[in-house]
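The values are calculated or read from the model by the stated rules, or taken from the named source; none is laboratory data. Just so it is clear, the model here is predicted, and its values are computed rather than measured. Virtual Cβ from ideal backbone geometry, glycine too; neighbours counted across all protein chains shown.
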Amino acid sequence: MKRSNEIRFGPSGRLIIMQVSDPQDMKYVRKAMVKMLDTAYDKLKPDLVLFTGDNILGNHLLDARFGDRKIASGKAATLQVMKESIAHICKPLEKRKIPFAMIYGNHDDMNAVSKDEQADIYRSYSMCLPMNNRNGKVDCDTYNIPVYGRESDKPVFNLWMLDSAWYDKTEDKCYTAIKPETVDWYKQTSAKLTAENGGKPVPSLMFAHIPLPEITNLVEECGPNDVGAVLTHSKGWCRLKDGCRGIMEEYPSILEDGAGLFDAALECGDVKGIVSGHDHVNCFEGNYKGIDFIQTSCASFRCYGSEMRGVRVFEIYENDPENYITYFFNYAELCGRGAGAKLRFFWDADEKEKQKAALLAGAATVAAGVAGALIKKK
């Protein structure tokens, strides 16, 4: 683990942050995601990578590669498989000496291993930034990452990393909420940073796996023939409001309780954007009351998804930290549109299962027909 979570702007005065949302997978990782992320690291050359929840498929860690069989049982086995699963996303960064940080989502601790025990696995990597291990009132994945100037001892920018979901092992239930203690910690820490910055709030981005309820202010109900209309499970036909950009393919699945975090961010005046994942096929941006809401689609192929699997990039500039730039690269933009890349996507993507089954059944039928014809000739 790195000794401090100190991140600095480089000689160019630019910081490139890559968000990887929902890379959820297990020991038998889908190679398409690994290839996509490796390509993203090498092409985009991020200064910092953020895994923003559902980093592993915690509730399926012990599944066999095929079928319903379990490969092991018990906490010790779960812990070992978890280490192997986490290695798929951490080792490539360790190899490239790219600092990374993480928060949890709703899937990570849906097993016998606690968040603190998982955190120790991430911390075992030298490029992992420190998480919270001092404030017992908030979760281990609730902390901040100050970004310093090239020659400054004070933060020029800041990243808030907030826990937003947990699995109650006793109740066998997943909760999606911001805890009041998290909001209190944020307000106190933000006030401290502001005071140390001469009374001026330090511009920040806030990351939480599950979207805050206020993100729904970017969405409106519409008719089926309206431009951008999407048929959602919970709200019927909806679309993004004017002024938003990107793709929404499902109605945002929001926190059960935001605990007043958005109002706290307005009050503190430091947060420029609130960034989430969770909804695998949503990839859009919009503004509400002066704060950007950003949702990023999934990276994993072991879940429902779309052609928008990929990574998001944020560019922060030391001479203008109030204004960041963000953009998204999907699988095709990273890996190309050649036959090999298309085949890899098709073979690994969960939503292609029915098509793959039909293709294999057809191939088997053809093979059987050819074999039968050869036998007759003999």
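Take the residues of segment 288-309 that are in contact with a strand residue (DSSP E or B) (Cβ under 7 Å, 6 or more places away or on another chain) and touching a residue at least 60 places away in the same chain (Cβ under 8 Å): which is surrounded by the fewest Cβ atoms within 10 Å (Cβ to Cβ)?
Filtering first and then ranking leaves M308.
Quick one: what pairs do we get from segment 199-225, first residue at positive phi, second among the acidic types (D, E), C-beta under 7 Å, 6+ apart or different chains?
So the pair list comes out empty.
What are the pairs with Cβ atoms under 8 angstrom where one residue, in segment 328-339, is closer than 17 Å to F314 by Cβ and the other, located anywhere, is assigned to a helix (DSSP H, G or I)? Sequence gap at least six, or different chains.
Here the result reads F329/A40; F329/L44; L334/M36; L334/T39; L334/A40; L334/K43, each pair linking segment 328-339 to a residue that is assigned to a helix (DSSP H, G or I).
Please verify whether segment 232-244 includes one or more residues that are assigned to a loop (DSSP other than H, G, I, E, B) and in contact with a helix residue (DSSP H, G or I) (Cβ under 7 Å, 6 or more places away or on another chain).
Yes, the conditions are met somewhere in segment 232-244.
Which members of segment 40-59 meet the condition of being in contact with a Lys or Arg (Cβ under 8 Å, 6 or more places away or on another chain) and under 16 Å from S85 (Cα atoms)?
Across segment 40-59, the qualifying residue is only L57.
For A265, work out the one condition from (1) modelled with pLDDT of 95 or more; (2) small (G, A, S); (3) touching a Phe, Trp or Tyr at 6+ places or on another chain (Cβ under 9 Å); (4) outside any helix (DSSP H, G or I) it doesn't fulfil.
If we test A265 against (1) modelled with pLDDT of 95 or more; (2) small (G, A, S); (3) touching a Phe, Trp or Tyr at 6+ places or on another chain (Cβ under 9 Å); (4) outside any helix (DSSP H, G or I), just (4) comes out false.
Restricting the search to segment 285-303, which residues are more than 11 Å from P211 (Cβ to Cβ) and either in a loop (DSSP other than H, G, I, E, B) or of a type in the set (F, W, Y) (or both)?
Correct list: Y288, K289, G290, S297, C298, A299, S300, F301, R302, C303.
Within segment 259-269, is even one residue among the acidic types (D, E), over 20 Å from the mean Cα position of the chain (by Cα) and surrounded by fewer than 18 Cβ atoms within 10 Å (Cβ to Cβ)?
Looking for residues that are among the acidic types (D, E), over 20 Å from the mean Cα position of the chain (by Cα) and surrounded by fewer than 18 Cβ atoms within 10 Å (Cβ to Cβ), one finds at least one in segment 259-269, hence yes.
Identify all residues within segment 131-144 that are in contact with a Phe, Trp or Tyr (Cβ under 8 Å, 6 or more places away or on another chain) and crowded, with 16+ Cβ neighbours inside 10 Å; write none if there are none.
Within segment 131-144, M131, N132, V138, D139, D141, T142, N144 meet the criteria.
For residues that are at pLDDT below 95 and under 30 Å from G10 (Cβ atoms), scanning just segment 150-184, find the one that is surrounded by the fewest Cβ atoms within 10 Å (Cβ to Cβ).
Once the filter is applied, the top-ranked residue is D153.
Assess whether M102 counts as being touching a strand residue (DSSP E or B) at 6+ places or on another chain (Cβ under 8 Å), of a type outside the set (F, W, Y) and not in a loop (DSSP other than H, G, I, E, B).
yes
Within segment 304-341, track down each residue that is of a type in the set (D, E, K, R) and within 23 Å of Q24 (Cβ to Cβ).
E307, R309, R312, E333 - these are the residues of segment 304-341 that are of a type in the set (D, E, K, R) and within 23 Å of Q24 (Cβ to Cβ).
Mind checking which residues of segment 132-145 are within 14 Å of Y186 (Cβ to Cβ) and either of a type in the set (D, E) or within 20 Å of the chain's Cα centre (by Cα) (or both)?
Result: N132, D139, D141, T142, Y143, N144, I145.
Given I86, I17, I56, which one is assigned to a strand (DSSP E or B) and either within 21 Å of F157 (Cβ to Cβ) or not acidic (D, E) (or both)?
Selected residue: I17, the only one of I86, I17, I56 that is assigned to a strand (DSSP E or B) and either within 21 Å of F157 (Cβ to Cβ) or not acidic (D, E) (or both).
When you scan segment 86-98, do you find a residue that is touching a residue at least 60 places away in the same chain (Cβ under 8 Å), among the hydrophobic types (A, V, I, L, M, F, W, C) and on the phi < 0 side of the Ramachandran plot, even just one?
Scanning segment 86-98, I find at least one residue that is touching a residue at least 60 places away in the same chain (Cβ under 8 Å), among the hydrophobic types (A, V, I, L, M, F, W, C) and on the phi < 0 side of the Ramachandran plot, so the answer is yes.
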